[in-house]
Amino acid sequence: MGILLVSVLHLVTPLAMMHWHNVYQHLYYLPIVVAGLSYGWRGGVAAAILAGLSNAPHNFLSIQEQPSYAIDQILDVPLFWAAGILTGVLAERGRKQRADLEHTTERLTEVYQELQDNFERMKRAERLFALGQLSAGLAHEVRNPLASIAGAAGILQRNLRLERKDAECLEIIGKECQRLNSLLAHFLDFARPRTPEYQMTDLPTVIESVMELAAHAIGSKPIALRKELSPHLTPLECDPELLRQVLLNLMINAIQAMPEGGEVLVSAGPRNDRLLIQVRDEGCGIGAADRDRIFDPFFTTKENGTGLGLSVTHQIVEQHGGILTAETNAGKGMTFSVSLPIRHERLHEA
Ligand SMILES: Nc1ncnc2c1ncn2[C@@H]1O[C@H](COP(=O)(O)OP(=O)(O)O)[C@@H](O)[C@H]1O
Ligand SMILES: [Mg+2]
């Protein structure tokens, strides 16, 4: 556009106004430089060619009257080319450097994120370790007297003919002892994380048995349990008992997150050399503020929750060399994903 404008100016300005023609001639450089900057050396060359061609009629007309001026102009053409190529090459080099820089920045951001994640994981492991030490001792101390209390309450309940109110009190004592006992059992799982006993495990069998267990937690809520297993599942090397505990914790959380009902979907299949198991619910989901804390020991939003389920689950998955993640569904609820190596030894030898 700029080139054509300059050529038109050349044509309409009388030859006598030579100083203007000189200015126009130099003006050609502007669009050539712009083309070089925007489209690289090819753009610069194209603009230089266009400038040479569109100036040809003016040259042709002026060669009669002002031969030396016309020759000057023709000699300018190689300079157009040089300007176009030079700006283009420099612009391309600048662009490449910018792209490299952007790439490096991206990579740095990724590495930083990885570092941050590792740091978080380390902090959690440290917390778990301290907590494990503490709770091991405490749980033992509390468990024995608790068993005595429950036992004594049972004897009283059986031997005394009590008023209804007193009988209810004893029943409460019994029930609460039971609840505390199961809490302590959780603590002990936590304190002495069992070393996994690896064996070849048939995943569909594990999932089936977990679903049967989880069905008891549904009660009267309209909740459906569904599974979707890939036909390409191969035996998995893991500790089946621990894996069962992982899946049960995830399923019970999913069920508890859906007081109004819905569907819990358990799916499993190979994914890039690993096995991916997902538990998806249609429940209340987890707010952004809680997202970072759900794997922390004792974090719970439930009245009777222990806040230990997910941290034990996390610990078991890590013991297996796996990764546990939680994602908010596009629609409703959460999806918890467990990614496990299919073979244990190979991972450790590597
Ligand atoms: N599927 C889920 N949907 C919504 N919230 C969940 C889900 N799973 C876990 N949570 C949240 O994470 C918290 C911690 O879970 P967990 O460690 O299993 O402890 P607990 O179940 O005893 O509360 C829960 O209290 C709940 O707020
Ligand atoms: Mg739980």
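The values are calculated or read from the model by the stated rules, or taken from the named source; none is laboratory data. Since the model is a prediction, treat every value here as computed from it, not as a measurement. Note that we place each Cβ from the backbone using ideal geometry, even for glycine, and neighbour counts take in every protein chain shown.
Just checking, which of G322, G309 is under 30 Å from E237 (Cβ atoms), within 14 Å of ligand 2 (Cβ to nearest atom) and in contact with a helix residue (DSSP H, G or I) (Cβ under 9 Å, 6 or more places away or on another chain)? Quick ask: steps written out before the conclusion?
Numbers: G322 fails: within 14 Å of ligand 2 (Cβ to nearest atom).
Of the residues listed, the single one that is under 30 Å from E237 (Cβ atoms), within 14 Å of ligand 2 (Cβ to nearest atom) and in contact with a helix residue (DSSP H, G or I) (Cβ under 9 Å, 6 or more places away or on another chain) is G309.
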Is it the case that region 220-234 has a residue that's within 22 Å of H314 (Cβ to Cβ), within 16 Å of ligand 2 (Cβ to nearest atom) and assigned to a strand (DSSP E or B)? no
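Here's a check for you: in region 289-302, which residue that is within 13 Å of ligand 2 (Cβ to nearest atom) and hydrophobic (A, V, I, L, M, F, W, C) is modelled with the lowest pLDDT?
Result: F298.
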When residues of region 58-89 are limited to those that are touching a Ser or Thr at 6+ places or on another chain (Cβ under 8 Å) and farther than 17 Å from G2 by Cβ, the one surrounded by the most Cβ atoms within 10 Å (Cβ to Cβ): Q73
Scanning region 300-326 residue by residue, those within 11 Å of ligand 1 (Cβ to nearest atom) and among the hydroxyl-bearing types (S, T, Y) turn out to be T300, T301, T306, S311, T313
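Assigned to a helix (DSSP H, G or I), more than 20 Å from R280 (Cα to Cα) and more than 15 Å from ligand 1 (Cβ to nearest atom): does that describe L184?
Working: assigned to a helix (DSSP H, G or I): yes; more than 20 Å from R280 (Cα to Cα): yes; more than 15 Å from ligand 1 (Cβ to nearest atom): no.
In short, no.
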Mind listing whichever residues of region 111-161 are basic (K, R) and farther than 18 Å from F298 by Cα? R143, R158, R161
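Listed here are the residues, each with its yes/no results for (1) within 6 Å of ligand 1 (Cβ to nearest atom); (2) on the phi < 0 side of the Ramachandran plot; (3) of a type in the set (S, T, N, Q).
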{"residue": "D273", "(1), (2), (3)": "no, no, no"}
{"residue": "R280", "(1), (2), (3)": "no, yes, no"}
{"residue": "R293", "(1), (2), (3)": "no, yes, no"}
{"residue": "T328", "(1), (2), (3)": "no, yes, yes"}
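Let's see how each residue does on (1) over 20 Å from N181 (Cα atoms); (2) assigned by TED's automatic domain parsing to the domain that holds H186:
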residue	(1), (2)
V111	yes, no
F129	yes, yes
G151	no, yes
L162	yes, yes
Residue by residue through region 201-221, note down the ones that are farther than 13 Å from I255 by Cα and polar (S, T, N, Q). T201, T205, S209
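So that you can scan it fast, the table gives a plain yes or no per residue for (1) modelled with pLDDT under 85; (2) surrounded by 15 or more Cβ atoms within 10 Å (Cβ to Cβ):
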{"position": "H103", "(1), (2)": "no, no"}
{"position": "L108", "(1), (2)": "no, no"}
{"position": "K123", "(1), (2)": "yes, no"}
{"position": "A130", "(1), (2)": "yes, no"}
{"position": "A139", "(1), (2)": "yes, yes"}
Between residues in region 277-288 that are within 14 Å of ligand 2 (Cβ to nearest atom) and residues that are aliphatic (A, V, I, L, M) and assigned to a strand (DSSP E or B), which pairs lie under 7 Å by C-beta distance while being six or more apart or on different chains? V279/V264; V279/V266; D281/V264; D281/M334; G283/M334; I286/A326; I286/M334
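Which of the following residues is farther than 21 Å from T325 by Cα and touching a strand residue (DSSP E or B) at 6+ places or on another chain (Cβ under 8 Å): A217, A224? Give the steps one after another, and end with the answer.
On the way: A217 fails: touching a strand residue (DSSP E or B) at 6+ places or on another chain (Cβ under 8 Å).
Of A217, A224, the one residue that is farther than 21 Å from T325 by Cα and touching a strand residue (DSSP E or B) at 6+ places or on another chain (Cβ under 8 Å) is A224.
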